[in-house]
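Structure first, commentary second.
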Amino acid sequence: MNLTPLQKARYEYQPKLPGMLRNGIAEICVKEGSDTQSVADQEKIKALFPNTYGKKEITFEKGQNTSEAKKQVVGVILSGGQAPGGHNVVCGLYDALKATSSDNVLYGFKNGPIGLLEDDYLVFDDEYINQFRNTGGFDIIGSGRTKLETEEQFAVAAEVCKKHGITAIVIIGGDDSNTNAAVLAEYFAAHKTGVQVIGCPKTIDGDLKNDDIECSFGFDTATKTYSEVIGNIERDANSAKKYWHFIKVMGRSASHVALECALETQPNICLISEEVAEKKMSFAQITDYIADSVAKRAEKGMNFGVALIPEGVVEFVPEFSVLIHEINELLAGAKADAFNALPGWKEKYEFIKNGLTKESFDVFAILPETIQQQLFLERDPHGNVQVSLIESEKLFSAMVKANLDERKKAGTYKGKFNPLHHFFGYEGRCAFPSNFDADYCYSLGYNAFMLIQYGYTGYLSKVSNLSKPADEWVAGGMPITKMMNMERRHGEDKPVIKKALVELDGKPFTYFAERRDQWAVETCYTFPGAIQYFGPSEVCDLTTRTLALEKA
């Protein structure tokens, strides 16, 4: 394999561990905290998880290791979308396991949870795992989105574990994956299989967080990667002085990525989906807000700018949510066949007009034709609109252009508006992890093995105090059920980990809200530059602005 100089250097990087985890396995003991309960729906969650609910939070400390000495055969699964640092979780788990005993074994189940169900695996050794240290991606074993949620699946998983003598499974994933980990842990405990299940918090979206989980891994690297390119675009905009750049960034349910990138780069506009929902902002209000910035900057001779758009923002616009619901109803069952049989867009447009309420059709009519067609041509397996495929950056730039055209006719706007469009998503999911993510992920994996060694199950590997140097990080674990509530999914009430949305009264959003009016009119761009791996700690080990503000 041909290696770049950076790859070679990163293989040799030694991730930093929390101070107490550096003491050596034999000198790590457990301190138990108080009993826990779920964030909501306590009685319902308790009834669904009688064997794993209400357990104590724990912290690892320096002291004599009192865990039972036995051979550990552990399986690891990467689940869901990629996030920088995933390889280091596996490496940390492997190193802790081998540091305890060379007889311990680590199985990697391939391509996500399906690997466990199909008994498709590899056994890690030093030569193989050393190729992936401190690198991006999930190609070490692959990932997948198969859900572990049925009794039949759990029974198969139990049989596979029994076949290999597996004592524990570590699932590295986001909120849905760790919900599945909790359900699997409950099944294994109820059926006395002796197999423990530990989760690790992963998602670049940043919505797997709470008072205990300060940050999901991958968020740091992904937002730094996006912010570098956004800063480059800002520099280009300020140089050419003739383009408005509309940039969509990942974040279907929450706007943490957009907010962090805004804090890093200070664009003229950044929409926050949670604020759109809270204020019940209409398309017209959002369009006016952006167009006002364009017009005010044009008055100063600045016909350029940068606007950040969260991936899922359109779902938070009330009138659009109603429209989507009506479209899903309009094309339910046999009506979808009748629609698809129509010869062209003109006929389909009339079908839509006759099938929607006047209010929803008025919303539909203001959308650019390309967006209109996306709403009807791109369906998910259940026949519903795939909102994530909507090019919201193009939607808003088109609506702003129409708004500005009206202002020109009224004589209130004389500027030029030339939009360009970008979507930053996959570029950040497999980037070389920052030092923070390399350290954090390695610690999560190492810590996951400590939870296994001490016999815990249904727990999430937890490393906190992350805004401080790694020496001061605190390692431990928390029951996954503590993060759960009941939500309606596919017509049924399901226990799920509660997503963390941007808090509008939180310090990161407040800091942004106090400054955005100035950013909207003036050119206040900042240019974060590339992720730094070598040099002063204050540059290389920098945490996100979000985490710094939350823990200030």
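Given the residues Leu48, Leu78, Leu17, which is the only one that is buried (at least 16 other Cβ atoms within 10 Å of the Cβ), among the hydrophobic types (A, V, I, L, M, F, W, C) and under 14 Å from Phe449 (Cβ atoms)?
Details: Leu48 fails: under 14 Å from Phe449 (Cβ atoms); Leu78 fails: under 14 Å from Phe449 (Cβ atoms).
Of Leu48, Leu78, Leu17, the one residue that is buried (at least 16 other Cβ atoms within 10 Å of the Cβ), among the hydrophobic types (A, V, I, L, M, F, W, C) and under 14 Å from Phe449 (Cβ atoms) is Leu17.
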Seminar exercise, completed: Only one of Gly115, Gly144, Gly136 is closer than 25 Å to Tyr426 by Cα and surrounded by fewer than 19 Cβ atoms within 10 Å (Cβ to Cβ), namely Gly144
For this session: Please find, within the stretch 202-229, the residue that is surrounded by the fewest Cβ atoms within 10 Å (Cβ to Cβ) out of those that are in contact with an Asp or Glu (Cβ under 6 Å, 6 or more places away or on another chain) and in a helix (DSSP H, G or I).
Result: Ser227
Seminar exercise, completed: Expected output for the stretch 519-544 (first residue of a type in the set (Phe, Trp, Tyr) and in a loop (DSSP other than H, G, I, E, B), partner modelled with pLDDT of 95 or more and surrounded by fewer than 15 Cβ atoms within 10 Å (Cβ to Cβ), Cβ below 6 Å, 6+ apart or cross-chain) is Phe527/Arg235
For this session: Would you mind telling me which numbered condition in (1) within 20 Å of His421 (Cβ to Cβ); (2) assigned to a loop (DSSP other than H, G, I, E, B); (3) at pLDDT 95 or above Met281 fails?
Result: (1)
Problem set entry | Residues of the stretch 418-430 that turn out to be more than 12 Å from His245 (Cβ to Cβ) and in contact with a strand residue (DSSP E or B) (Cβ under 9 Å, 6 or more places away or on another chain), as a count | 2
Exercise. Does at least one position in the stretch 370-378 carry a residue that is at pLDDT 85 or above, surrounded by 13 or more Cβ atoms within 10 Å (Cβ to Cβ) and in contact with a strand residue (DSSP E or B) (Cβ under 8 Å, 6 or more places away or on another chain)?
Worked result: yes
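Conditions (1) modelled with pLDDT of 90 or more; (2) assigned to a helix (DSSP H, G or I); (3) touching a helix residue (DSSP H, G or I) at 6+ places or on another chain (Cβ under 6 Å); (4) surrounded by fewer than 20 Cβ atoms within 10 Å (Cβ to Cβ), marked per residue:
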| residue | (1), (2), (3), (4) |
| --- | --- |
| Val314 | yes, yes, yes, no |
| Glu319 | yes, yes, yes, yes |
| Glu326 | yes, yes, yes, yes |
| Glu329 | no, yes, no, yes |
| Ala336 | no, yes, no, yes |
| Pro343 | yes, no, no, yes |
| Glu350 | yes, yes, no, yes |
| Asn354 | yes, yes, no, yes |
Problem set entry | Scan of the stretch 408-435 for residues that are in contact with a Ser or Thr (Cβ under 7 Å, 6 or more places away or on another chain) and assigned to a strand (DSSP E or B), ordered by number | Pro419, His421
Problem set entry | Inter-residue pairs, beta-carbon under 9 Å, first free of Cβ contacts under 8 Å to residues at least 12 places away in the same chain and in the stretch 112-129, second of a type in the set (S, T, N, Q), 6+ apart | Glu118/Asn111; Asp120/Asn111
For this session: Kindly list, by first and then second residue, each pair from a residue in the stretch 287-314 that is farther than 17 Å from Asn403 by Cα and acidic (Asp, Glu) to a residue that is crowded, with 21+ Cβ neighbours inside 10 Å and at pLDDT 95 or above, limited to pairs with Cβ atoms under 6 Å and residues at least 6 apart or on different chains.
Result: Glu311/Lys248
Exercise. Within the group Ala448, Ala438, which residue is of a type in the set (A, V, I, L, M), in contact with a Ser or Thr (Cβ under 7 Å, 6 or more places away or on another chain) and surrounded by 24 or more Cβ atoms within 10 Å (Cβ to Cβ)?
Worked result: Ala448
Exercise. How do the strands (runs of 3 or more DSSP E) wholly within the stretch 52-130 filter down when requiring 1 or more residues that are closer than 23 Å to Ser216 by Cβ and assigned by TED's automatic domain parsing to the domain that holds Ala9: which remain?
Worked result: 56-62, 73-78, 105-109
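The values are calculated or read from the model by the stated rules, or taken from the named source; none is laboratory data. Computed from a predicted structure; not experimentally measured. In this analysis, Cβ positions are derived from the backbone assuming ideal geometry, glycine residues included, and neighbour counts consider all displayed protein chains.
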